[in-house]
Amino acid sequence: MINPATEPARALLIEVVGPLAASTVRELAPEADLRASGIDSGDMIRFVLAIEKRYRMQVDVDDLDALNSIRDFDRLIARHDRPAADRGERPCG
Amino acid sequence: MVAPLLLREHGYTYPVADAAGALMTTEHIARPFTDTWIDSVRALVPTPEAYRAQSLPDQAALELLGCDDTVLELLIANGLPVRQTAEGRRFDYHDLANVAIYSRSGCSVPEAGQRMLMRYASATPDEWLKQRPLDLTWELRCGDPRCADGAWRVRLPRPDLFGGERGPARLRGGARTAGGHLVEADGVSALTIKFPVLLRGRRATVQSPVIRSVYGRLLNDLAEGRLRYQWLPGALRTDPMAAFANGTLDCVAASLLLARRLEDAAVPAWTRQGRVLGLVNVEHAWTEALDDDGSWKVLDPVFALLGRQAADAHPEFDGFCEGSVPSRFLPWDVEAGRPVAEHSCARGESVPVSTLTFEQRRAGQ
C-alpha cells in the first residue's frame, strides 16, 4: 500500500492512471522520468490538474519545467502543503 | 456584477482558481456549470465528413472531456456529432477536443493541456528568452507493432536557426549520421536518439507595414470569430484553403495560409515546424517572413490568439508573437505539416510514433 502522507504524489498518480496502470506507478523509482516510464501526456495533464485541485494551488511555469519524477512532484507538494499564512498569504480581515 | 470569487475557510480568504489556474469570478457561479458546455458545443464547427473519424466510444469521450454521462448526453442533445454502430456510439476525436478547449470546464484534458502549454505567456519577457540547456531523448518507433525492421530517415532539430546549439547525437538502434542534420538507419523498427541542446529565444519587431497588416488581419479574423481556432485532423490542417473554407484553422493551417497571403502580397515567406517544450510538449508551426530590414521574422498568430484567451498573459505577449521567438521553441528545418521523420517497412511508408522528452541540464554538466 502507498501511504499518501509519505508519498503523496505517487498515491495521487495511482488515482489518476487507474487500476490498470497502478502497478507500473507503484514500481517506479522516485527519481525515474515519468514520461520515459510510459506516463503519457494526457495522464501528466490529469496529474497536474489533480495536484492543483487537491492542494489548491497553481503550478507556475518554472515548476512545470522541472517536474519529471515522483520525487519532483513530492517536493512541489511539500512546498505548498502548508497553511496559507505560512506562504505569506494575507489572512481574512 | 462580476467580482473575484472568494473562498473563506479556517479564518483565511482565498481567491478561487479553476483547475487550470485561471482566477474565477462570481460570473462563474451565476451561470449553471453546464451552460459553458452547451455554448461550446453550439459554437463547434464539426470536422467535415471527408476528414471525420468517428471511432471513440463513450468511455474514451468521457475521459477526454473530463465530464460525466449527464454532460455527454447534453452535448449530444445540443449537436455533438455521433455515429451509432452495432458496438455502441462513436465520436470523432477532434470534435470532442474542440468542444473541450472552449468548454471553460477546467476539467477536460485538451483544455487543461492548452492552458498549461500557454502558462509561460503569463511569465515575464525575460523568461521567454532565458537560455535553456536541455538533454533531449527522442524515441521513434513504427506505428505498426508487427514491424520487425525497416528504413529510417530522420531530420534532427536545428536550434542553431535561432542562435542555439545542438551537441553531438548519441544513436542507438544501428543508426548513423548522414550529413550534419540527418540520421539514417536500416533494418530496425525503432530508434533512440539522444542529444544536448542549448535553446535561445530572439526578440525582434516587424518593420514592414505589409507584413504587419497581413498578420494583423489573420489574427483579427481569429480573435473576432470570423475564423475559429480548432484542432484539425492531419489531412485538413495541411490543406489551408480547405481549412479556411471550413472556417477553421490550427497552427499548421494558419501558418500555411499566412505564408500564402504574404507571398500574394509580394513578401517572401515560408513556414516552419517545431516543438514547444514544457510539461506539455507539443508540435507547433509558425510562419517566417522576410522583413524590410533584411531579416526573417517569426509570426505566430495562433499563440497570439491563445495568449489573448488566457486569463493572465503578460501584456507584452501579444506583440512578442509578432516577430519574436521564445526559447521554448525547438525548430526543425522542415515546413509546417511535413514529416520530420520517415519510416518505410514491409507494412508500407508511415509517419512513425514519436516521443520527445527532455531534462534540464544542470550547471557543470
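No lab work stands behind these numbers, since they all come straight from the coordinates. Every value quoted in this text rests on a predicted model; they were computed, and no experiment measured them. FYI the Cβ positions are ideal-geometry reconstructions off the backbone, even for glycines, and counts take in every protein chain you see.
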note = Output ordering of B:246-256, B:319-329, B:287-297, B:79-89 (per-residue mean of other Cβ within 10 Å, highest first) is B:246-256, B:319-329, B:287-297, B:79-89
note = Around A:P30 (Cβ within 10 Å, Cβ-to-Cβ, excluding A:P30; K/R +1, D/E -1) the net charge comes to -2
inquiry  = Looking only at the protein assembly as shown, where both bridge partners belong to it, what percent of the DSSP beta bridges are antiparallel (to the nearest 5)?
reply    = 95 percent
ask   = If you build a Gaussian network model of chain B, linking Cα atoms that sit under 10 Å apart, which residue out of B:S350, B:S40, B:S105 swings the most?
value = B:S350
B:R228-B:N78 pseudo-label distance in nm [points 7 Å out on the Cα-to-Cβ vector] = 1.2 nm
key: Cα point-scatterer Debye curve for the protein assembly as shown, base-10 log of I(q)/I(0) at q = 0.12, 0.13, 0.14 Å⁻¹   = -1.22, -1.45, -1.66
ask   = Label-point separation (nm) for B:D312 and B:A204, each offset 7 Å from Cα along Cα-to-Cβ?
value = 3.2 nm
query = So if R0 is 22 Å, what FRET efficiency would A:D40 and B:T192 give, r being the distance between their Cβ atoms, rounded to the nearest 0.05?
reply = 0.80
remark   = Spelling it out for B:T47: with amide H atoms placed in the peptide plane at 1.01 Å from N, the residues 5 or more places away or on another chain with amide H under 5 Å from its amide H are B:D95
message = Please compute the average number of Cβ atoms from other chains found within 10 Å of each residue's Cβ in peptide B:114-127.
response = 3
